[in-house]
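Input: a single structure, listed below in structure tokens.
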Amino acid sequence: MSADGSRPPGRLYTAFRAVALAAPRAPAVVTPDGAVSSYGSLLAAVEAAAGRLAAPADTGAPAPAGREALGLAVGDPGTFVALYLAAAKLGIVTVLLDSRLPGPELAREAARFDVARLAVDEGSAPGSFELRPVADAPRHRALVLDGYRDEDFVVHCTSGSTGEPKGIVMTQEAISARVRYWSSDLELTPADVVLCALPLAHCHGIDVLTLPALLSGATVVFARGHELTARGLARRIAEHRVTVTSGLPVMYRMLTAARGVPASSLAGLRLAISGSAPLPVDTQRAFLERYGLPLRQVYGLSEIGVICFDRAYAGAGSIGLPVTGVEWRLVPVAGEGDGSEPLHELHVRGPALARGYYRDPAATAEMFEDGWLLTGDFVRAEPDGWHVRGRRSGFINVAGSKVGPLEVEAALRDCPGVLDSAVVGVPDPASTERVAALVVTGDGFDPGAVRRRLGERLLPHQLPQRYEFAPALPRTPLGKTDYAAVRRLMHDEGFDT
């Protein structure tokens, strides 16, 4: 800290300011409604937001420099970015919250992470936001002093697709490292235009797409992915001459299945990347056939960012090989899998690693060990690309044999008439668990043909014993399969084969 007790500007803000001053007229962001902000105007918005964050709160007490937790629940992407970088400048701990949460749930999340003020959208005017005090100042100060460290900057809230969400605490150093390494691996330049159709409250939206683009002098085109049709998405890519995009498999599934979308719409793309959920091989294959562009898979965890990237395009569902800045080890795991192949759990570490989970020492001890992140993911390592075979917590125990849901899901999606699937384990009084599948069907679906195809591809204990059908899979706010909701549904409904 300086002599007056204030913090020096954070490195994320300093890096962005240098880019903005070097090319103030260059386009920085394009909002979903098409408004374009230059780097100069975005820097001005950052400074204005920093001024408001540093001003005395409604209680009359000045904001404690570096000792305040701000809840960032803004939906407008330009405003979100301005507030994020303003908080980086001031060293304010920033909890990234989903702006679509209903008021009571947003308040619960704010209390969970000891948030003092919430930044929310103010009306429909872009760039405007409201700061709401949500905590008693003296009590908040004591909680923050106890829960956060001087170097903490961002808390990412996990999506909770498989259980209770957690708060991942990261420093600016860690975020700067993941952004720097990933920008280098993507070879981003000011000539690139990056499409972000993902929520900025998630690390895929902010750490994988937005920050690498802005700190490279590129342009970020924002879109509300959950509101876009395939035609709308393709039109946005074509109109803004997008060169790099990354999204969930469902986005590419939508593009491959859509009618009336010419292949030329995506002709300007140099990189199409799928992440945050397993990429079905049939989607990867169909995208290449239709658009002539490899769909490359990226694999990572919010706790450390990108871990592997299929840069050389091994395809066939490969996650590629570890990226720059990630040290890894493969630990043999006994007693897991179906015995058809050896399994190894992936452990990783590096400068981009988070320090742990907020006020959750048990979860931190389970995932973080001596500077390593225990991913819980089992991988098969091949020279041209690795493959994820399942998760420690996700294996289904069928009478002592372990079943990987991802493998069963892939086999189901490869059946005619199956559009999507989610596989979970449900209790079986006569055994341990049974395999249950929630299936989204389309034209040509034939239950008998599906059973025959699965019988050819899977071992007997891997076959689903319980099915339920739905028009769509339940999703988290990010768009991942909500396995907790699938599990609840399969407990309440379903039938045996």
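What follows draws every value from the coordinates through simple rules; no lab data is involved. Just so it is clear, the structure is predicted and the values come from calculations on it, not from any experiment. Note: ideal-geometry Cβ built from the backbone for every residue, glycine included; neighbour counts use all protein chains shown.
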Can you pull out the trypsin sites (Lys or Arg not before Pro) in the range 223-261 whose DSSP state is coil and whose Cβ has at most 16 other Cβ atoms within 10 Å? R224, R241, R259
Sparse-neighbourhood loop sites, chymotrypsin sites (Phe, Trp or Tyr not before Pro) in the range 203-292 - DSSP loop, at most 14 other Cβ within 10 angstrom: none
Set of lysines near K89 by C-alpha distance (under 28 Å), chain-local residues within fewer than 8 positions excluded: K166
So what is the calculated 222 nm ellipticity per residue for the chain, using -39500 (n - 2.57) for each DSSP H run with n of 4 or more, over all residues, to the nearest 500 deg cm²/dmol? -9000 deg cm²/dmol
Overall dimensions of the range 396-496 as given by Cα atoms, namely Rg and Dmax in Å: 12.8, 37
What area, in nm² and to one decimal, does the C-alpha convex hull of the range 271-337 cast on average over all directions? 5.7
Tell me the label-point distance for the pair R149, A258, using the 7 Å Cα-to-Cβ offset, in nm and rounded to one decimal. 4.5
Amide H contacts of L343 (H built 1.01 Å from N, under 5 Å, at least 5 apart or other chain): V333
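Ratio of the range 193-271's C-alpha Rg to 2.2 N^0.38 Å, to two decimals?
1.03
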With label points set 7 Å from each Cα along the Cα-to-Cβ direction at D185 and S128, the distance between them in nm comes to 4.1
